[in-house]
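Data block below; observations after.
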């Protein structure tokens, strides 16, 4: 502050206007803050043509409104007295104190150039989803600073559950990394949106398999590379990756620290909610062929191939001709007869993404004299489950849980060395519905019937004819053995 007149001045009141983006934090002398104005009084004697310096300290803060005036700090003289204590404010020869006129020499301003970019990513393709479906994402970049931004490079980190082919300016920049460049400029307060398309893939399941993060890698301000005021471009750190789609901090472009609710505001996730359960069934009782009355133990494994937890999983087991259920057997606790030929069981607890759980079932092998092609073929199926994120019944992405054993594609059991391609599959191979699976045990059962076909009355010396018929009552082909014993008997009547 300079006295350009020829009379000494004292009690000079100076006002500092704190703009959006600045808060008072002290100074070289006491300041009184009311609202967005800080005032102080210079009580010394300011001689003609002399100068004095005072300081005010401010804290730099984000400003999301009025980028044209944000971070512009204005100071001006409000009033002054001569040495006799008389107010001489109106006597200033070339300015009027406290009139907010930037052309006058009793007022001056200083603008801090703030470079601040933020990013928001969203999946715009609406559910329901299907594997192999093309998904569309938008990546919106915001200029929250007060200088124009150009040459902005955006990273996108492709997860296991998506496949990428170049589109809309996006190109591969390394394993799991694609990039796009915004030439700009993006003016202060403005934004620009990129579009990205990727193909949804099936995986083994996991919470992060379909989380797709995007991040600002770099950008330029008016004087070259920009130094972002509240984030670290191209960092892709653990706190940033702790934000999940739909969770706390998602789509948050107002976070201004790595540890804030949204972590860094130049990094954001998007992705679908995938509910996907699958089931396989095997027999753990080792036997090349089973005997009637023998207990067959089945292991039924349920897999969570999605990215959301499942609970209240219910499975059905369809009892065929040739198998019987006995609730008293070792592994049958929890199983109950829900309808004729159908058992039901609830799997307790929560099945997390990428995990599996097993239950056992004991059935007794018995005779079956009808439908040998389907006899002893036991199917299990998921009938319903709850999506833990919504509390509602899960909408499985690639199967239709129900209690109808006849409406599931695939499901042909591997049998007698023949591989069907749809047994014990969990990725819908060959059109198989992966929440439904069979197991067929081998039963070898031959029977014999002998009948005298020569009608009476009979005479001594008469030739009698008999028929011997062999029946295959099992489900495997009977072949002649390598060693055959022939019994010959002559009967004299």
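Structural remarks
- Failed condition for residue 427, given (1) under 31 Å from the mean Cα position of the chain (by Cα); (2) on the phi > 0 side of the Ramachandran plot: (2)
- Scan of segment 330-354 for residues that are assigned to a strand (DSSP E or B), touching a residue at least 24 places away in the same chain (Cβ under 8 Å) and closer than 17 Å to residue 380 by Cβ, ordered by number: 338, 339, 342, 343, 344, 345, 346, 347, 351
- Any hit, segment 18-39, residues being more than 60 Å from the chain's Cα centre (by Cα), in contact (Cβ under 8 Å) with a residue 24 or more places away in the chain and not assigned by TED's automatic domain parsing to the domain that holds residue 143: no
- Strands (runs of 3 or more DSSP E) lying entirely in segment 250-310 (those with 1 or more residues that are more than 30 Å from residue 436 (Cβ to Cβ)): 267-270
- Residue 126 being loosely packed, with under 15 Cβ neighbours inside 10 Å and within 19 Å of the chain's Cα centre (by Cα): yes
- Extreme residue, nearest to residue 128 (Cα to Cα), among residues of segment 219-240 that are in a strand (DSSP E or B) and either touching a strand residue (DSSP E or B) at 6+ places or on another chain (Cβ under 7 Å) or in contact (Cβ under 8 Å) with a residue 60 or more places away in the chain (or both): 219
- Evaluation of residue 367 against (1) in contact (Cβ under 8 Å) with a residue 40 or more places away in the chain; (2) part of a loop (DSSP other than H, G, I, E, B); (3) more than 21 Å from residue 326 (Cβ to Cβ) (one fails), failing number: (3)
A quick yes/no check of all residues on (1) closer than 24 Å to residue 99 by Cβ; (2) buried (at least 16 other Cβ atoms within 10 Å of the Cβ):
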position	(1), (2)
19	yes, yes
22	yes, yes
33	yes, no
36	yes, no
41	yes, yes
44	no, no
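- Subset of segment 426-448 [farther than 23 Å from residue 295 by Cβ and either touching a residue at least 40 places away in the same chain (Cβ under 8 Å) or surrounded by 22 or more Cβ atoms within 10 Å (Cβ to Cβ) (or both)]: 426, 427, 428, 432, 433, 434, 435, 436
- Close pairs from segment 207-218: first in the same structural domain as residue 387 (by TED's automatic domain parsing), partner assigned to a loop (DSSP other than H, G, I, E, B), Cβ under 7 Å, at least 6 apart: none
- Of the residues 69, 53, the single one that is assigned to a loop (DSSP other than H, G, I, E, B) and within 48 Å of the chain's Cα centre (by Cα) is 69.
- Matching option when the condition is touching a residue at least 12 places away in the same chain (Cβ under 8 Å), in the same structural domain as residue 130 (by TED's automatic domain parsing), surrounded by 16 or more Cβ atoms within 10 Å (Cβ to Cβ) and closer than 22 Å to residue 159 by Cβ, among 264, 305: 264
- Strands (runs of 3 or more DSSP E) wholly inside segment 403-493 containing at least 1 residues that are modelled with pLDDT of 90 or more and within 23 Å of residue 300 (Cβ to Cβ): 436-440
- The single condition from (1) closer than 30 Å to residue 24 by Cα; (2) in contact (Cβ under 8 Å) with a residue 40 or more places away in the chain; (3) more than 39 Å from the chain's Cα centre (by Cα) that residue 93 fails is (1).
- Candidates 230, 252, 258, 209 - the one that is on the phi < 0 side of the Ramachandran plot and surrounded by 22 or more Cβ atoms within 10 Å (Cβ to Cβ): 230
The values are calculated or read from the model by the stated rules, or taken from the named source; none is laboratory data. Bear in mind the structure is a predicted one, so any value in this text is a computation, not a measurement. Using ideal geometry, Cβ is built from the backbone for each residue, glycine included, and neighbour counts are taken over all protein chains shown.
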